[in-house]
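One structure is given below, encoded as structure tokens.
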Amino acid sequence: MQELLMPRFADYELIDTGDFEKLERFGAYVTRRPEPQAVWRRSLPEEEWRRLADASFLRDGRSEERGEWHLRRGVADRWTIDYAYGGMALRMRLGFTSFKHVGIFPEQAANWEFIYDRCAALAAKGRARSGDAERGGASGEAPRVLNLFAYTGGATLAARAAGADVTHVDSVKPVVSWAGENMTLSGLSGVRWIVEDALRFVRREVRRGRRYRGILLDPPAYGRGANGEKWVLEDNLCEMLECCAQLLEPEDSFLVLNLYSMGLSSTLARTAVHQAFGAPAGCASAANMRPASPWGDAGLFRRAACVTRPGGAGCGRSVRHRSGVCGPARRLRRPGPRRAPRARAGAGRGPWG
């Protein structure tokens, strides 16, 4: 089974990629920044890239992760974009960071839609149960959702917009504050903000016996916790998933896992989730799902998301696989003698994810 993830994102456009760079439009501005996975040739000439780019990121010669943005005159260092789907209307503040990011990963819009739909269905089911029990005299319990490595909160806001009770966890305080700005801009409220190492937090939630209807994870390849805790994806992912398996409700629940690392495949994500959560009958098609580009021939985002949903007889959950890959095979050629930037752990997100 294949699934092509094509979110309808009017304020985002992937204009061109290649020669280890990508050219994108975020609302009013076009950005030019490094992309180590874009190993093919560009479609547009250099002159067109220069003409279109409002902001270009240049790496610091002393660092493979940090750098600085060169802005065209009149370009603001902060601006907003909108994303609408169903009853969800998100507004998010963007800005230029020293790690080349702007505050949003647009390919995640496909997951925002899934999260919104799933949380809305769970909230409606909760209201129906409450109405049956109390003859409509109560609003029902909102589904509890945990967002780990939550960054600037796109997934958090999608769940909250659908009526979920959301806990947002990230180890970087400025990023959590940024997510709070996005909540206010989106006309939402009521999110529980936690600045803490994600693994430490879930260990404590397991001890407390907490349960969640939905768990969202977007871990970096490498990172540091709020108190200096070290996160290495290959070393810590299995324990994180085992803890999450104890936190997720056995019925009417879902899990979303994103992996952004050139060294890890979607097969790894599926296998790790099956080990932690089990692979109940009825999800055989999940094992056959293959990657599909979420942005057409020019797509260059690599993601793997494993989603837990109500399953077959005897089990309340099954696993469905959602993934995207990087670019067309026919363009996979190195541009002359130029060498690709050497990938490092954490290069996908730095300390921001």
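The values are calculated or read from the model by the stated rules, or taken from the named source; none is laboratory data. Computed from a predicted model, the values in this text were never measured in an experiment. Backbone-built Cβ (ideal geometry, glycine too); neighbour counts: all protein chains shown. These area figures cover heavy atoms from the full protein model, side chains too; ligands, DNA and RNA do not enter into them. Shrake-Rupley method; radii C 1.70, N 1.55, O 1.52, S 1.80 Å.
Some notes on this structure:
- Hits among lysines - C-alpha to C-alpha of K230 under 25 Å, sequence gap 8 or more where chains match: K100, K173
- Taken over the range 8-164, the percentage of Cα pairs per 5 Å bin, counting from 0 up to the bin with the maximum distance, is 2, 8, 15, 16, 16, 13, 9, 7, 5, 4, 3, 2, 1, 0.
- Computed extension length for V206-E68: 45.6 nm, one decimal, from 0.36 nm per residue of separation with the Cα-Cα distance subtracted.
- Accessible area ranking (1.4 Å probe, heavy atoms, ligands and nucleic acids excluded), largest first, for K173, K100: K173, K100.
- The Kirkwood radius of the range 8-75, taken over pairs of alpha-carbon atoms, gives through the Stokes-Einstein law at 4 °C and 1.567 mPa s a diffusion coefficient of 103 µm² s⁻¹.
- Local electrostatic count at G126 - Lys and Arg +1, Asp and Glu -1, tallied over other residues with Cβ under 10 Å: +2
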